[in-house]
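Just so you know, all these numbers are worked out from the coordinates, no wet-lab data involved. Owing to the predicted nature of the structure, the values given are computational and were not obtained by experimental measurement. Because the Cβ atoms are built from the backbone with ideal geometry, glycine has one as well, and the counts that use them run over all protein chains shown.
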Amino acid sequence: MATLAELASSRTKLDEAAIDHLLRLTASWSLLSDLSFSDMLLMAKVDEPSDRGCGDFVVLGQMRPNNRSTLLNDDLVGTTQELDAWPLVRLAFESGTRVVGELKIDKIEGVVPVWCVPVGFDGKIVAVLVRLQGPLRGPASLYEQAYLSIFERLCSMVADATFPYREDDVAGPGMPRVGDGILLLDERGEVEFATPNATNALHRLGIYASVEGHTLRVMGLRVRVVERSLEFGIPAMEEIDRGQDVAILFHCVPLFDHGIVTGVVVLVRDVSDLRQLNRLVLSKEAAVREVHHRVKNNLQTISSLLRLQARRSSEVETRTALQEAERRVRSIAVVHEVLSREPGEEVVFDEIVRSLVLLVEDTVLALHPVEIVVNGELGTLPTDLATPLAVALAELLTNAVEHAFVDFGGATNDHVGVVTLNLYQEDGNAVAEVRDNGRGLGDDFSLEVPTSLGLSIVRDLVRTQLHGSIEMNSVPYSKGGGTFVRVVVPTTARL
Ligand SMILES: Nc1ncnc2c1ncn2[C@@H]1O[C@H](COP(=O)(O)OP(=O)(O)O)[C@@H](O)[C@H]1O
Ligand SMILES: [Mg+2]
């Protein structure tokens with residue numbers, strides 16, 4: 001579906017400034033629709049030759065009321081409407097004044113009361129706002145009458161281009177709406193009337209006496225935006241809090257008559273529940289952070305215990321096993337270190353990689369000097385993927401440092417051991433390649449039958465837990481020799 005801007009620039013003669021004005025109008029016209037309990041259409045003249053000699057209308061926008069059922073089931077945006085079918089719209093265009101009457105409308109039974117409000121801009125009529133009034137349910141109540149009188153004042157503002165405002169005042173998802181509560185203030189700031197919801201909101205702020213006939217300030221409530229709105233005629237929003245539990249949003253819509261501020265409509269919304277929910281979410285985040293922090297501490301304790309035990313055991317095999325276990329626990333702790341800093345669904349994996357490299361360099365006492373080089377990055381990854389992937393990478397890096405260069409002798413050898421870790425994302429997969437320029441894998445090596453613990457862990461993590469694949473090969477001597485391991489893990493699959 002074409003946007004208002006696209007429709008207006010392709011089908012009408014309106015210039016950019018006028019289109020901007022209409023965009024601002026449709027950004028805030030839910031207010032008009034709700035105040036008048038009516039469907040709204042925005043029509044502009046089509047700039048195309050017609051066989052009847054005069055152009056037709058194109059519907060640039062459509063708005064349905066939130067507090068009534070709609071009259072128009074069809075979406076008319078983008079449709080061309082014949083001039084003759086909408087004589088009142090034509091009259092509004094030509095006379096530049098509001099035209100009120102009745103129209104027979106396609107697919108609707110009987111006649112529909114309509115208001116055709118010219119939309120002024122820069123001394124011209126750029127469009128017509130059509131209000132299609134639904135059937136009235138009995139005589140209008142006091143509040144309905146008040147809503148309609150505000151609507152009427154806003155319509156005059158639409159005609160003389162003071163509504164929509166020049167300032168950006170777009171109705172966002174959290175903004176108060178007509179149904180939330182309304183205070184109507186006169187030009188001195190005295191409350192002319194308050195809807196029951198607005199009164200309730202004031203109760204929550206501790207104002208129990210009737211506010212009608214008084215300014216909010218006299219009642220003990222200072223809302224700066226109300227004062228600013230009255231003085232300068234600008235729309236504005238402010239949230240007033242009372243302690244932890246009460247938060248009320250005030251949205252001021254100034255009313256003008258011939259360029260003079262004649263009052264302010266204050267839309268009032270009780271957002272206490274919303275704010276409480278926000279606080280809850282925030283405290284939940286803090287709790288998650290705390291849990292990660294504790295897990296990290298516990299892992300550190302476990303790793304210290306393992307180190308102590310390793311030192312105490314006299315048997316080489318036991319000691320090595322305990323040292324390896326300690327290293328594994330530490331690589332899990334590295335992930336939790338990062339998670340405890342920024343809890344969430346995703347984690348910046350590259351921070352983990354940096355710590356892992358330090359860890360491997362630190363733990364493995366290679367006889368041969370080895371350099372670890374990291375190329376590329378994986379960016380952010382889902383947290384449930386980060387731990388297994390980090391542990392697998394730690395095993396592969398450790399193996400390269402530990403096994404690849406064993407035959408290369410001491411530091412006097414001029415062969416420099418280099419382990420390269422290439423990281424990148426490709427087609428929804430995280431790819432990690434570990435390459436070394438060492439002695440390569442033995443002839444009888446097979447990834448499928450590892451009896452040793454390290455590669456069994458890697459295989460299990462990558463294939464079973466991460467639903468990924470792993471390949472491991474010796475690189476021919478002509479291509480530099482050494483070992484090449486590639487791990488491919490889908491980043492989208494839920495684990
Ligand atoms: N990058 C490598 N270069 C040479 N040999 C390797 C490499 N990675 C693994 N290996 C061989 O595979 C064997 C199994 O590794 P692993 O399962 O991690 O057990 P461990 O490291 O405890 O020996 C190693 O003992 C080593 O012989
Ligand atoms: Mg190993």
*Tell me, Cys116, Cys155 in order of fewest to most beta-carbon neighbours within 10 Å?*
Cys155, Cys116
*Determine the sum of side-chain charges near Val485: Lys and Arg each +1, Asp and Glu each -1, restricted to other residues whose C-beta is under 12 angstrom from that of Val485.*
-1
*Among the lysines, which have Cα under 23 Å from the Cα of Lys124 when same-chain residues fewer than 8 positions away are ignored?*
Lys13, Lys45
*Length gained when the stretch Glu109-Arg64 is fully extended (0.36 nm per residue, less Cα-Cα span)*: 14.4 nm
*Order the peptides 83-90, 57-64 from the highest to the lowest mean number of other Cβ atoms within 10 Å of their residues.*
57-64, 83-90
*Using 1/(1 + (r/R0)^6) with R0 = 60 angstrom and r between the beta carbons of Glu187 and Arg341, what's the FRET efficiency to the nearest 0.05?*
0.65
_Separation in nanometres of the label points that stand 7 Å from Cα toward Cβ, at Arg312 and Glu212_ = 8.3
*Take every DSSP beta bridge whose two residues both sit in the chain, then give the antiparallel share in percent to the nearest 5.*
90
*Can you list the lysines whose alpha carbon is less than 19 Å from that of Lys284, not counting same-chain residues fewer than 8 positions off?*
Lys296
*Packing-based exposure ordering (other Cβ within 10 Å, fewest first) of Lys124, Lys45*: Lys124, Lys45
*Do the sum for the chain: with -39,500 (n - 2.57) for every DSSP H run of n ≥ 4, divided by all residues, what is the mean residue ellipticity at 222 nm, to the nearest 500 deg cm²/dmol?*
-12000 deg cm²/dmol
_R0 of 41 Å, Cβ-Cβ distance Glu16-Thr262: FRET efficiency to nearest 0.05_ = 0.85
*In bins 5 Å wide, starting from 0, what share of all Cα pairs of segment 391-479 does each bin hold, as a percent?*
3, 11, 21, 25, 19, 12, 6, 2, 1
*How many nm separate the modelled label positions at Arg463 and Tyr143, each set 7 Å beyond the Cα in the direction of the Cβ?*
6.7
*Where the centre of each part is set by its Cα atoms, how far does segment 417-495 sit from segment 107-140, in angstrom?*
69
*Toward the positive end of the charge dipole of segment 274-344, about the Cα centre and with charges on Cβ (Lys, Arg +1; Asp, Glu -1), which of Leu339, Ser304, Val281 goes farthest?*
Val281
*Order of 282-292, 459-469 by packing, highest average Cβ count within 10 Å first?*
459-469, 282-292
*Between Glu6 and Ala27, 0.36 nm times their residue separation minus their Cα-Cα distance comes to what?*
6.0 nm
*Using only the alpha carbons, work out the radius of gyration and Dmax of segment 345-495 in angstrom.*
15.2, 49
*Counting other beta carbons within 10 Å of each Cβ, put Thr483, Thr215, Thr492, Thr318 in order, fewest first.*
Thr492, Thr318, Thr215, Thr483
*Averaging over all projection directions, find the projected area of the Cα convex hull of segment 274-344 and quote it in nm² with one decimal place.*
4.6
*Could you give the Stokes-Einstein D for segment 70-175 in µm² per second, using the C-alpha Kirkwood radius, 25 °C, 0.890 mPa s?*
158
*Is segment 4-159 best put as rounded, prolate or oblate by its Cα gyration tensor, with a ≥ b ≥ c the root eigenvalues, rounded for a/c under 1.5, and otherwise prolate when a/b is larger than b/c, oblate when not?*
prolate
*Pull out the extension gain between Gln244 and Leu274, defined as 0.36 nm times the separation in residues minus the alpha carbon to alpha carbon distance; nm, one decimal.*
9.6 nm
*Any idea what the relative contact order of the chain is, in percent, if you count C-alpha pairs under 8 Å spaced at least 6 apart?*
8
*Once the Cα atoms of helix 383-403 and of the chain are each reduced to a long axis, what angle between those two axes, in degrees from 0 to 90 to the nearest 10, is obtained?*
30
_Point-to-point label distance, Glu448-Asp160, nm (Cα→Cβ direction, 7 Å offset)_ = 8.7
*Net +/- balance of residues flanking Val99 in space, Cβ distance below 15 Å, scoring K and R +1, D and E -1*: 0
*Give me D for the chain in µm² s⁻¹, whole number, from Stokes-Einstein with Rh from the Kirkwood sum over alpha-carbon pairs, 37 °C and 0.692 mPa s.*
114
*asked:* Using +1 at the C-beta of Lys and Arg and -1 at the C-beta of Asp and Glu, which of Gly481, Leu421, Ser469 has the Cα lying farthest in the positive direction of the dipole of segment 417-495?
replied: Leu421
_Give the separation of the Cα centroids, segment 3-24 to segment 201-227, in Å._
41
